[in-house]
Amino acid sequence: MNYKKSHFEIHSRFRNGIFLLSIILFVVLIGYYVYPKSSSEQYSFVEMTFFQQQIDSLKSVAEQQKKEYHLQPFNPNFISDHKGYMLGLSTSELDRLHAYRNDNKWINSIADFKKVTRVSDSVLSAISPLFKFPEWIKKSNTGVSRKYSKKKFPIKSYDQKKDLNTVSGKELEQSIGLPHFIAERIIKYRNSIGGFTLDIQLEDVYGLYDNQKDKILSMFTVKTPKKIKKVNVNTASVNELVEIPYFDFEMALDIKEFIEDNGNISNFNELGKIEGFSLKKIDRIKLYLTLN
C-alpha cells in the first residue's frame, strides 16, 4: 500500500541546518542592535565634544578681537556695520551716520558725531577718546594752524585768481595744501564733465570739505567756462536727459513719465515730486536745462 508523503516533511539533516541558521541570524541581529549602537553613541559623544571645543575657541577669539578692536583709534567718518556693532552703536544710530555721509557731509568733531547719530552719552564717552580726525581738522578746530590761516590764504580779486579749468592737481596740492587724492579727484571730475561752468560745481566733488572749497575759491575761479547747450526739460528725449551729468537712465525715464502724466513743468522745484529726485543739486542741474 502506498502512502502519500507530506509536503511539509523535512529530512533531519535539513532540520539541523535550519536550526543552526536561525541561531546565527539571531546572534547577528543581537550584535547589530547592541554593538553598532554603542559605538555610534560613543562616536557621537566624541564628535559633539570636538565641535563644542571649536565653538568655545571661536567665542574666545571673537571676544579677544573685540577687546583688541577697542584699543585702535579710528576716524568716525568711516564706521562700517561691523565696526558699529563692535563699538556698541545701534542700527538706527548707524543708519543716521551713513545717511549723513551719503549726503557728502563729514563728521569733524565729537559734537558733530553726537548731533548726527544721537548716540547715548554713555556710549559716546566710551568711544570718543578713540576718535582720530585728520591733523588739519584738529588744528583748524583749535585755531592754532598757521598753514590754513586767513593770512596764508587771502581772498584775491577776480583778476588775481587763476583759472579753475586749467589748474593742475599738483598746483592745487602745493598752493592750497590739498591731499593728493582730493586734488586728483577734482581734476578727474572736471574732465568727466568737460570742464567747469561755474565755481559752484566744486560742490559735486566727493570728499571735498567746505573749508577746502573756500580756500580753493580764494585763489581760483572759473575763467573759461564750458559752454553748455541747454535742453528743454519738457521736450527733451531720454537720450538727451541722460547726457546731463546728474541723471542716469532710470532718472531720465522717471522725468519723462512725470511730465507725460502731469504736463509740462513751469518750475524746476516741481522735479522734487519725482520719487528719488533730490533738489540738493538743482542749482547745478539748472545749468543744463531750460523750461522753454
Screening Glu260, Glu270 for residues that are among the acidic types (Asp, Glu) and open to solvent by 50 Å² or more (accessible area, probe 1.4 Å) leaves only Glu260
Would you confirm whether any residue within segment 37-59 is surrounded by 10 or more Cβ atoms within 10 Å (Cβ to Cβ) and at pLDDT 85 or above? no
Show the residue pairs meeting these rules: Cβ distance below 6 Å; 6+ apart or different chains; first residue within segment 257-283 and under 16 Å from Leu241 (Cα atoms) and assigned to a loop (DSSP other than H, G, I, E, B); second residue among the aliphatic types (A, V, I, L, M) and open to solvent by less than 60 Å² (accessible area, probe 1.4 Å). Phe277/Leu271
Kindly indicate whether any position in segment 78-92 is open to solvent by 60 Å² or more (accessible area, probe 1.4 Å), hydrophobic (A, V, I, L, M, F, W, C) and modelled with pLDDT of 80 or more. yes
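Going through segment 212-233 one residue at a time, which ones are touching a residue at least 60 places away in the same chain (Cβ under 8 Å), open to solvent by 40 Å² or more (accessible area, probe 1.4 Å) and either farther than 30 Å from Ala252 by Cα or in contact with a Phe, Trp or Tyr (Cβ under 8 Å, 6 or more places away or on another chain) (or both)? Talk me through it step by step, then tell me what you get.
Of all residues in segment 212-233, those touching a residue at least 60 places away in the same chain (Cβ under 8 Å) come to 215, 218-219, 221, 223-226, 228, 230, 232.
Checking which are open to solvent by 40 Å² or more (accessible area, probe 1.4 Å) leaves us with 223-226, 228, 230.
Lys223, Pro225, Lys226, Ile228, Lys230, listed by residue number.
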Give me the residue from segment 137-163 that is surrounded by 15 or more Cβ atoms within 10 Å (Cβ to Cβ) and at pLDDT below 55 and, out of that set, farthest from Tyr209 (Cα to Cα). Ser145
Kindly indicate whether any position in segment 119-133 is surrounded by 12 or more Cβ atoms within 10 Å (Cβ to Cβ), at pLDDT 85 or above, assigned to a loop (DSSP other than H, G, I, E, B) and more than 17 Å from the chain's Cα centre (by Cα). yes
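Examine segment 202-211 for a residue that is in contact with an Asp or Glu (Cβ under 7 Å, 6 or more places away or on another chain), outside any loop (DSSP other than H, G, I, E, B) and either open to solvent by 20 Å² or more (accessible area, probe 1.4 Å) or at pLDDT below 90 (or both), and state whether such a residue exists.
At the first step, the residues of segment 202-211 found to be in contact with an Asp or Glu (Cβ under 7 Å, 6 or more places away or on another chain) are none.
Scanning segment 202-211, I find no residue that is in contact with an Asp or Glu (Cβ under 7 Å, 6 or more places away or on another chain), outside any loop (DSSP other than H, G, I, E, B) and either open to solvent by 20 Å² or more (accessible area, probe 1.4 Å) or at pLDDT below 90 (or both), so the answer is no.
The values are calculated or read from the model by the stated rules, or taken from the named source; none is laboratory data. Fair warning: this is a prediction, and the values are worked out from it, not measured in the lab. Neighbour counts are summed over all protein chains in view; Cβ atoms, including those assigned to glycine, are modelled from backbone coordinates with ideal geometry. We work out accessible area using only protein heavy atoms, side chains counted, and drop any ligands, DNA or RNA first. Shrake-Rupley method; radii C 1.70, N 1.55, O 1.52, S 1.80 Å.
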